[in-house]
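Have a look at the structure below before the remarks.
Rule-based calculations on the coordinates, nothing more; no lab input. Predicted, not measured: the structure shown is a model, and the values here were computed from it. Here the Cβ positions follow ideal geometry from the backbone for every residue, glycine too, while neighbour counts run over all protein chains shown.
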Amino acid sequence: MPIINVHNISKRFGETVAVDNLSFAVHPGEIFGLLGPNGAGKTTCIRMILDIFEPDSGEISILGGPMTDDKKNRIGYLPEERGLYQDIPLERCLVFLATLKGMPEKSAASKLTEYLQYFDLYDVRDKKVKELSKGMQQKAQLISTLVHDPDLIIIDEPFTALDPVNTEMVKDILEAKRDEGKAIIMSTHQMNQVEELCDRILLIDHGHLVLYGTLQEIQDRFASRDIFVRPRTPLPAVIEGITEIRQMNGRQLLVLAEDVEPHQVLKTLINQGIEMTAFEVAIPPLNEIFIQVVKKQARDEDV
């Protein structure tokens, strides 16, 4: 059963249609990527899920039905605009935010110790929030999102201001939460993180659904008829089923003829005694798919 079920929601602000007849579902035990260019309607969609905005039409079921105050305590939300109190010590700030989610103060303090140690913030727990670096504050904000053990986690640009080490730390904890059965909605412009983390994605543009499905399904839709190989022995000038060979960043790109499949080329190369360290279908990265789809959407709207 989906934790979130969105059915045909729309939201208009004056003459601007922010979200237009949008439907999707989010399930337990998955990281769901909510993607789109700036102004696509992502934040409006999140605010309708959280009951901050009411949709003009359509329905949202969350945790089995309409939103309630009790359900809000089962949600962790990391907004793009951060909300830590700057003039109080870090630990006191996080304990207070945890109590707002229904945690007893003693339980919150105990659980926070684990998180502060995990994120290397324990030694600065008595410093005022404003004295911490942007990266430290980002980690602290994530702690406030997770400390009450929510069933639904919604995170907007979670890797902002983080160095590579801390980025890996955050990725590890998000994957652990997914493995515990939590549902995670992640909104970000960092497509490489989406490729590494997300099980399914939704791409919206101008409030419309543009792409929706598993990462594998979407990449398969945009897969080219090209193959990357990294040969140990020189390739012959002519290969049956290949129309063109190009050099690309230490690899060679083989362009397949229309009626040829990759496994046939692999068999041909092996039969010709070609040794290879890599042979892979050239699947475009998600960043390229994102740009391609958004540009096509803009062209279609101009017609």
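Things worth noting here:
- Highest mean packing comes first when the peptides 40-48, 61-69 are listed by Cβ atoms within 10 Å, giving 40-48, 61-69.
- The charge dipole of the chain, taken about its Cα centre with unit charges on the Cβ atoms of Lys, Arg (+1), Asp and Glu (-1) only, comes to about 560 debye.
- Computed from point charges on the beta carbon alone (+1 for Lys and Arg, -1 for Asp and Glu), the dipole magnitude for the stretch 1-112 about its Cα centre is near 340 Debye.
- With contacts taken as Cα pairs under 8 Å and at least 6 residues apart, the chain reaches a relative contact order of 20 percent.
- Share, in percent, of DSSP beta bridges within the chain that are antiparallel, nearest 5: 65 percent
- Spatial separation of Cα centroids for the stretch 79-129 and the stretch 202-228, in angstrom: 39 Å
- Karplus-based coupling profile of the stretch 250-255, in residue order and whole Hz: x, 10, 10, 9, 9, 9, with θ = phi - 60° in 6.51 cos²θ - 1.76 cosθ + 1.60 and x standing for Gly or Pro.
- Separation of the stretch 236-272 from the stretch 274-301 is 19 Å, based on Cα centroids.
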